[in-house]
Amino acid sequence: MRVIPLVRALARARFSLPNRCLCSRTPPAEADVALKHVTKSNFEQALNELRGDVKHADFVSIDLEMTGITSAPWRECFNFDRPDIQYLKIKDSAEKFAVVQFGVCPFRWDSNSNAFIAYPYNFYIFPRQEIPGDGSSSEFLCQTRSQEEEALEQLDSLYKLTLDSSPKLGNDVDAKLIRLADILFSERIKKTLSEWRDALLHKRSRGSEFQGSLNDTKQKFETTFFHRRPALVLNGLSSRQLGMTKMVVGMLKDLAYVHVSSETSPLQHMVVYTDSTADRELLMMEVKARQRQEAEMKIKSAIGFRHVFDLLSSEKKLIVGHNCFLDLAHVFRKFVAPLPETAEEFVSSLQSYFPHIIDTKLLLNTDIELFRLLKSGGTSLSKAFTLLCPPIVLSGAGNVVEDKRVKVEVQVDGQRFSNWNSGSKHEAGYDAFMTGCVFSQACFHLGIDFNSLDLLQHQKLEKYINHLYLSWMSGDIINLKTGNILQDSLGSTNINRRHLPKTIYSNMILLWGLPRTLRTADIKNCLHKAFGAISIASFHHIDETAAFIQFSQPELVSDFLSLKDLLEKDTGPVSVLHPLSNILAGGRVRAARYDTYKKICSSPISETMFADQAAAVGVDAEPGSMETTEVEISSSNEVCEAICLDGDGVSELQSNCISSTDGFVDSFQLSKAAIRT
């Protein structure tokens with residue numbers, strides 16, 4: 001999965017009608033690794049070929065190229081993000097960005113050549129809006145399953161109406177004609193239709209045209225046949241006149257008013273002669289059936305690339321991706337339905353379409369032998385491909401030796417290539433090819449015999465199937481079958497989690513609205529002065545305006561919130577000189593527990609700065625909840641004693657303060673948290 005900036009995507013794939021285009025008309029230059037570039041012009045042909053390739057494949061690797069990943073810097077996945085928040089950020093990305101390329105690469109094991117045959121396809125995807133409805137159709141090429149079902153349901157509702165319930169024409173044409181012009185037109189059209197009907201009955205009209213008596217050369221009516229019945233095509237009439245014509249036809253029992261259209265002809269309005277009431281009803285049923293069939297065909301046509309999704313889903317093949325949770329979220333959002341609110345709901349639905357998925361990044365990081373084989377060179381797709389899959393025609397230093405890898409050949413348009421160089425990275429088709437190559441080499445190094453066993457049944461792969469990184473940064477792994485989050489249960493070697501303190505969400509406090517000039521060291525120093533040198537376990541910046549503090553003890557969260565409230569309410573010298581005053585910035589800084597972070601992240605709004613996001617969502621600071629106790633501070637210019645009066649007795653402590661200039665005792669409310677300082 002990679003990101004293609006929209007300008008670059010458009011430059012690669014030009015199109016003239018963006019609202020109807022399946023793919024670009026001009027594919028990019030051929031990569032060294034042959035790819036099947038699929039555009040609108042060859043989509044049907046490519047789809048038919050893909051059906052055969054997928055059917056006989058041992059596994060299918062996929063990759064997507066999107067126009068973006070995060071809608072704001074703070075929507076990046078961080079080490080301190082809880083799994084439910086990681087999902088919300090992935091959901092936001094899948095909802096806000098478009099897929100512009102979809103790579104599909106079936107891999108088939110050929111026992112004759114003792115090699116995998118790869119069939120890489122690179123589909124170009126662009127906007128299309130063709131399904132009629134409420135206007136909320138996805139802005140992408142294909143329509144989701146839910147949109148298709150909604151459109152078909154609307155058709156059912158439409159054709160359950162009365163047979164003569166064609167759309168209303170004109171501007172509120174009423175049965176009572178008030179305007180003189182309407183009355184005159186209605187009389188003339190009634191006379192014209194009567195003359196045409198009489199001519200049919202008495203066989204007085206044998207030509208292809210019938211000139212009515214509307215005294216207007218633009219209103220020339222043409223006689224034709226419609227569903228084996230004589231019909232009069234209404235030309236040159238305004239919308240209002242058509243509406244009045246329909247009303248007049250309703251008064252003539254042997255005539256029927258219909259309007260039809262097709263892909264190749266514009267909307268036509270006709271008056272059709274019928275032999276009887278039964279014949280008229282039969283005609284209207286035929287018209288409705290034809291309109292329904294055309295609408296269904298239009299819906300099926302508008303599905304577009306979703307035919308590929310349906311193919312992959314129906315075949316139930318092993319799907320292989322590299323760090324692919326976001327890719328799958330895009331696939332679900334674009335081709336199935338809106339994403340559910342929770343990761344558990346999402347993976348449960350996803351499994352019904354793709355019951356077997358494997359993540360090569362997780363495989364490389366959780367298998368010690370494979371990780372050692374990469375020599376700590378990293379598990380990014382490009383690095384893994386370079387180390388595990390050196391091109392046959394090249395022999396770079398540091399690559400896996402020739403006799404320790406499985407052979408891969410590429411077949412496109414019936415031509416097979418045994419020798420290939422590196423292709424164009426960040427093209428979905430090529431990245432899908434790389435992903436499949438990495439997986440095949442990984443299986444080879446795990447000792448899997450491709451001739452003897454189905455990959456899905458192999459014991460060495462079983463524990464990796466349907467386990468994906470929810471976020472590579474956090475190292476959290478999600479079980480697609482159960483929705484459970486696993487942390488390092490597969491022996492992950494994720495270096496992002498090394499040397500980091502364990503994240504305890506109940507110990508964390510969220511700050512936003514921080515002054516941008518305030519340095520991390522300054523914030524830590526203030527907190528250490530207020531709560532002690534060992535009170536802070538970790539500190540994490542979200543962006544320039546927000547940060548997370550993880551305290552060493554959970555009670556310090558409540559202490560902080562209570563102390564913050566107290567200091568902001570008091571304007572005396574103690575609050576001014578308190579160490580936290582540098583952080584609180586005169587009441588502009590907000591603070592809350594961790595769950596407030598989820599509320600802010602769950603909003604579809606995406607302001608650039610986190611503090612602006614919180615304001616846009618309408619989230620304010622969380623008040624402290626500690627009991628307050630009265631503290632009396634004596635009037636002195638030096639260190640004074642504060643006597644804390646509580647229900648359990650009297651305790652004494654030393655507190656730094658400056659007396660009031662009046663010399664009177666300054667009495668105010670402080671929390672027990674404040675007393676600790």
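Could you tell me which residue of region 593-616 is nearest to P554 (Cα to Cα), considering only residues that are of a type in the set (S, T, Y) and not in a helix (DSSP H, G or I)? Working first, answer last.
Within region 593-616, the subset of a type in the set (S, T, Y) is 594, 596-597, 602-603, 606, 608.
Subsequent filtering for residues that are not in a helix (DSSP H, G or I) retains 602-603, 606, 608.
Numbers: S602: 25, S603: 27, S606: 31, T608: 31 Å.
Applying the filter and picking the extreme gives S602.
Among the strands (runs of 3 or more DSSP E) contained in region 495-580, which hold 2 or more residues that are open to solvent by 30 Å² or more (accessible area, probe 1.4 Å) and either within 30 Å of T379 (Cα to Cα) or of a type outside the set (D, E, K, R) (or both)? Lay out the reasoning, then the answer.
Numbers: elements: 508-512, 536-543, 546-551.
Answer list for region 495-580: 536-543.
Tally time: how many residues in region 459-479 are open to solvent by 10 Å² or more (accessible area, probe 1.4 Å) and in contact (Cβ under 8 Å) with a residue 12 or more places away in the chain?
Start the filter on region 459-479 by keeping residues that are open to solvent by 10 Å² or more (accessible area, probe 1.4 Å), which leaves 459-460, 462-463, 465, 467, 472-473, 479.
When the remaining residues are screened for being in contact (Cβ under 8 Å) with a residue 12 or more places away in the chain, the result is 460, 463, 465, 467, 472-473, 479.
Residues flagged as open to solvent by 10 Å² or more (accessible area, probe 1.4 Å) and in contact (Cβ under 8 Å) with a residue 12 or more places away in the chain within region 459-479 amount to 7.
Inspect all residues belonging to region 248-258 and state whether any of them is modelled with pLDDT of 80 or more and part of a helix (DSSP H, G or I). Steps first, please.
Restricting attention to region 248-258, the residues satisfying the condition of being modelled with pLDDT of 80 or more are 248-258.
Then keep just the ones that are part of a helix (DSSP H, G or I); that gives 248-249.
Checked region 248-258: at least one residue is modelled with pLDDT of 80 or more and part of a helix (DSSP H, G or I).
Taking the stated definitions as given, is G212 in contact with a helix residue (DSSP H, G or I) (Cβ under 6 Å, 6 or more places away or on another chain), surrounded by 12 or more Cβ atoms within 10 Å (Cβ to Cβ), closer than 29 Å to R292 by Cβ and at pLDDT below 85?
On the way: in contact with a helix residue (DSSP H, G or I) (Cβ under 6 Å, 6 or more places away or on another chain): yes; surrounded by 12 or more Cβ atoms within 10 Å (Cβ to Cβ): yes; closer than 29 Å to R292 by Cβ: no; at pLDDT below 85: yes.
So G212 fails the test.
Check whether at least one residue in region 69-92 is open to solvent by 10 Å² or more (accessible area, probe 1.4 Å), over 30 Å from N507 (Cβ atoms) and either among the aliphatic types (A, V, I, L, M) or in contact (Cβ under 8 Å) with a residue 12 or more places away in the chain (or both), and report yes or no.
Scanning region 69-92, I find no residue that is open to solvent by 10 Å² or more (accessible area, probe 1.4 Å), over 30 Å from N507 (Cβ atoms) and either among the aliphatic types (A, V, I, L, M) or in contact (Cβ under 8 Å) with a residue 12 or more places away in the chain (or both), so the answer is no.
Sort out which residues of region 450-473 are under 21 Å from the mean Cα position of the chain (by Cα) and not hydrophobic (A, V, I, L, M, F, W, C), and write them in order of number. Outline the logic, then answer.
To start, the set of residues in region 450-473 that are under 21 Å from the mean Cα position of the chain (by Cα) comprises 466-473.
Hits for region 450-473 are N466, H467, Y469, S471.
Can you tell me which residue in region 311-323 is most open to solvent (accessible area, probe 1.4 Å), limited to those that are in contact (Cβ under 8 Å) with a residue 12 or more places away in the chain and assigned to a helix (DSSP H, G or I)?
Of the residues in region 311-323, the ones in contact (Cβ under 8 Å) with a residue 12 or more places away in the chain are 311-313, 315-323.
Filter again for assigned to a helix (DSSP H, G or I), leaving 311-313, 315.
Working: L311: 14, L312: 8, S313: 8, E315: 64 Å².
Within region 311-323, the match that is most open to solvent (accessible area, probe 1.4 Å) is E315.
Taking only pairs six or more apart or across chains, which ones have beta-carbon atoms under 7 Å, a first residue in region 354-368 that is farther than 18 Å from H330 by Cβ, and a second residue that is open to solvent by 10 Å² or more (accessible area, probe 1.4 Å) and in a helix (DSSP H, G or I)?
Qualifying pairs under 7 Å: H356/L456; L364/F371; N365/F371.
The values are calculated or read from the model by the stated rules, or taken from the named source; none is laboratory data. These figures come from a predicted structure and were not determined experimentally. Cβ sites come from the backbone with ideal geometry, for glycine too, and all protein chains shown count toward neighbours. Side chains included, ligands, DNA and RNA excluded: accessible areas come from the protein's heavy atoms. Shrake-Rupley method; radii C 1.70, N 1.55, O 1.52, S 1.80 Å.
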